[in-house]
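K.L.:
Below is a structure I'd like to ask you about.
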Amino acid sequence: MQSRNESLFERARSAIPGGVNSPVRAYRGVGGTPPFIVRGSGSRIWDADGKSYIDYVGSWGPLIVGHAHPAVLAAVRAAAEDGLSFGAPTEREVEMAEVLKRLVPSLELVRLVSSGTEATMTALRLARGHTGRSLIVKFEGCYHGHADSLLVKAGSGALTLGSPDSAGVPPEIAARTLVLPYNEVGALERAFGERGQEIAAVIVEPIAGNMNMVVPERAFLEAARRLCTGHGAVLIFDEVMTGFRVALGGAQARFGVRPDLTTLGKVIGGGMPVGAVGGRRDIMERLAPLGPVYQAGTLSGSPVAVAAGLATLELVRAPEFFERLAAETLHLAQGLTAAARRHGVAFCAQNVGGMFGMYFRAAPPASYGEVMQCDKAAFTRFFHEMLARGVYFAPSAYEAGFVSSAHARADVEQTLAAADAAFAALGR
Ligand code: PMP
């Protein structure tokens, strides 16, 4: 007998390429049938067969206050009652821009879009329009959405599927993207030394979360800042994942490095489609209708989506929100590491704020190369052992995990008990 998850996946594959609307969801990296999710509440989700899971994906980052938070739902309902979309200015958009400006001081002006991909695409066009140059520097294993220029040695799904470069990206476009190793100051200095006059922008995940989680050296981010300033290039921090996830002011607040442009997404939509690009006034003023760099969106600043985002951003501003989130995430990371050690499995985990990495190697990786040295087969076994025990991690060895404020200590303890059994099975 087929389970309901299996029959839904079969139906899905006959109507949708691979049965999914975003590749990692298909479980190609780990094998098996993806659970079809029916509903979520707080830290938990339920699948079509009625099985419940403690969720550490959180819709890939947005759900920092957990699933179906009553305050977020109330805001969405209230906004929806007034109409879904107008394609005209609304007050909530202004409020959202003001909140973002207040919490992330490098944002002097903010434009809202509908996804992280749109935000990074806009940031690149702005940087190119501002500098009159075309070369983009990105880092190996960083994922910035699926715009052509950025699908070069990208992480996340592109990495999970083993195809860092996508078919359909014209070689002439890929040639305008220079890919450098993450965390290597020397390589960045050499690139600026050789091609500094061509470089429009450096785009970086200020904590990489799409090749598992890789924490930068502060010196690496500082070098990017110094070199961009020295050569008139635009420094873009892609904080789609880290924004309102690792600290209230994002990774830029943690590291004390101020980018020229910042891209946001995920948490600022609270589970609805919202992205943003913001930064230096002189650069942002180049956007249409003020300037010559074109960008637009029928549903940009959607009242319902922005309402979800505003409600979420209000909740994360509560006193001690990030301290508590970080403490729970640290407890998880330390507990996982200890459980693995008890069973002699080469594994460690670490967190930054509410984001964590799990590595099947002795020490956390500092580069894409070191991420590739992790034992992927061990991850896959661990993943399935945990899924069977009701713990839902990202179905890939190359994704960061996320804890929400709805994860109680009891959830984490239950996860650690499951991990103890899972590592025992792996150690055998
Ligand atoms: N940048 C980063 C750092 C991301 O993690 C992601 C999505 N995981 C994106 C950009 C793209 O965002 P979206 O999927 O909303 O287009």
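The values are calculated or read from the model by the stated rules, or taken from the named source; none is laboratory data. Small disclaimer: the values here were computed from a predicted structure and weren't measured. All Cβ positions, even for glycine, are placed from backbone atoms using ideal geometry, and neighbour counts span all protein chains on display.
K.L.:
May I ask you to say which residue of 243, 209 is out of contact with any helix residue (DSSP H, G or I) (no Cβ under 8 Å at 6 or more places or on another chain), crowded, with 24+ Cβ neighbours inside 10 Å and closer than 16 Å to residue 267 by Cα?
P.N.:
Of the residues listed, the single one that is out of contact with any helix residue (DSSP H, G or I) (no Cβ under 8 Å at 6 or more places or on another chain), crowded, with 24+ Cβ neighbours inside 10 Å and closer than 16 Å to residue 267 by Cα is 209.
K.L.:
Taking the stretch 209-228, which residues are within 13 Å of residue 255 (Cβ to Cβ) and in a strand (DSSP E or B)? Break it down stepwise before answering.
P.N.:
Let us first name the residues in the stretch 209-228 that are within 13 Å of residue 255 (Cβ to Cβ), namely 215-225.
Residues satisfying the conditions do not exist here.
K.L.:
Name every residue in the stretch 134-156 that is near the ligand (Cβ under 10 Å from one of its atoms) and either in a loop (DSSP other than H, G, I, E, B) or touching a Gly at 6+ places or on another chain (Cβ under 8 Å) (or both), in order of residue number.
P.N.:
142, 143, 144, 145, 146, 147, 154, 155, 156
K.L.:
Related question: Confirm whether residue 91 is outside the structural domain of residue 30 (by TED's automatic domain parsing) and in contact (Cβ under 8 Å) with a residue 40 or more places away in the chain. Explain how you work it out, then say what you get.
P.N.:
On the way: outside the structural domain of residue 30 (by TED's automatic domain parsing): yes; in contact (Cβ under 8 Å) with a residue 40 or more places away in the chain: no.
It is false that residue 91 is outside the structural domain of residue 30 (by TED's automatic domain parsing) and in contact (Cβ under 8 Å) with a residue 40 or more places away in the chain.
K.L.:
Right, residue 233: out of contact with any Lys or Arg (no Cβ under 7 Å at 6 or more places or on another chain), in the same structural domain as residue 121 (by TED's automatic domain parsing) and touching a residue at least 40 places away in the same chain (Cβ under 8 Å) or not?
P.N.:
Here the answer is yes, as residue 233 does meet what is asked.
K.L.:
For the subset of the stretch 19-44 comprising residues that are closer than 15 Å to residue 395 by Cα and in contact with a Lys or Arg (Cβ under 8 Å, 6 or more places away or on another chain), which member is surrounded by the most Cβ atoms within 10 Å (Cβ to Cβ)?
P.N.:
35
K.L.:
Now a separate question. Just name the residue that is surrounded by the most Cβ atoms within 10 Å (Cβ to Cβ) out of those in the stretch 339-361 that are assigned to a helix (DSSP H, G or I) and touching a residue at least 24 places away in the same chain (Cβ under 8 Å). Show your work before the answer.
P.N.:
Step one: list which residues in the stretch 339-361 are assigned to a helix (DSSP H, G or I), which gives 339-342.
Add one more test, that the residue is touching a residue at least 24 places away in the same chain (Cβ under 8 Å), and what stays is 339-340, 342.
Details: 339: 22, 340: 24, 342: 12.
By that ranking, first place goes to 340.
K.L.:
Take the conditions out of contact with any Cys (no Cβ under 9 Å at 6 or more places or on another chain) and farther than 19 Å from residue 299 by Cβ and apply them to residue 94. Does it pass? Break it down stepwise before answering.
P.N.:
Values: out of contact with any Cys (no Cβ under 9 Å at 6 or more places or on another chain): yes; farther than 19 Å from residue 299 by Cβ: no.
It is false that residue 94 is out of contact with any Cys (no Cβ under 9 Å at 6 or more places or on another chain) and farther than 19 Å from residue 299 by Cβ.
The rows are residues; the columns are (1) away from the ligand (no atom under 16 Å from the Cβ); (2) touching a strand residue (DSSP E or B) at 6+ places or on another chain (Cβ under 9 Å); (3) closer than 14 Å to residue 239 by Cα; (4) not charged (D, E, K, R).
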| position | (1), (2), (3), (4) |
| --- | --- |
| 82 | yes, no, no, no |
| 90 | yes, no, no, yes |
| 93 | yes, yes, no, no |
| 107 | yes, yes, yes, yes |
| 118 | no, yes, yes, no |
| 128 | yes, yes, no, no |
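K.L.:
Only residues that are of a type in the set (Gly, Ala, Ser) and either more than 16 Å from the ligand (Cβ to nearest atom) or modelled with pLDDT under 95 (or both): list them for the stretch 273-296, please. Please lay out each step first, then the result.
P.N.:
If we filter the stretch 273-296 for residues that are of a type in the set (Gly, Ala, Ser), which is where we start, we get 275-276, 278-279, 288, 291, 296.
Within the stretch 273-296, 288, 291, 296 meet the criteria.
K.L.:
Related question: Please specify each residue of the stretch 189-203 satisfying the condition of being closer than 17 Å to residue 258 by Cα, among the β-branched types (Val, Ile, Thr) and either in contact with a helix residue (DSSP H, G or I) (Cβ under 6 Å, 6 or more places away or on another chain) or away from the ligand (no atom under 11 Å from the Cβ) (or both).
P.N.:
202
K.L.:
Right, here's the next one. Considering the stretch 230-272 alone, what residues qualify as being over 23 Å from residue 403 (Cβ atoms) and among the hydrophobic types (A, V, I, L, M, F, W, C)?
P.N.:
233, 234, 235, 236, 257, 261
K.L.:
Let me ask something additional. State yes or no: is residue 299 closer than 17 Å to residue 115 by Cα and within 14 Å of the ligand (Cβ to nearest atom)? Don't jump to the end; show me each part of the working.
P.N.:
Values: closer than 17 Å to residue 115 by Cα: yes; within 14 Å of the ligand (Cβ to nearest atom): yes.
It is true that residue 299 is closer than 17 Å to residue 115 by Cα and within 14 Å of the ligand (Cβ to nearest atom).
K.L.:
Could you pull out every one of the strands (runs of 3 or more DSSP E) wholly within the stretch 1-119 that has 2 or more residues that are in contact with a Phe, Trp or Tyr (Cβ under 7 Å, 6 or more places away or on another chain)? Spell out how you get there, then give the answer.
P.N.:
Values: elements: 37-41, 44-47, 52-55, 109-113.
Ranges flagged: 37-41, 44-47, 52-55.
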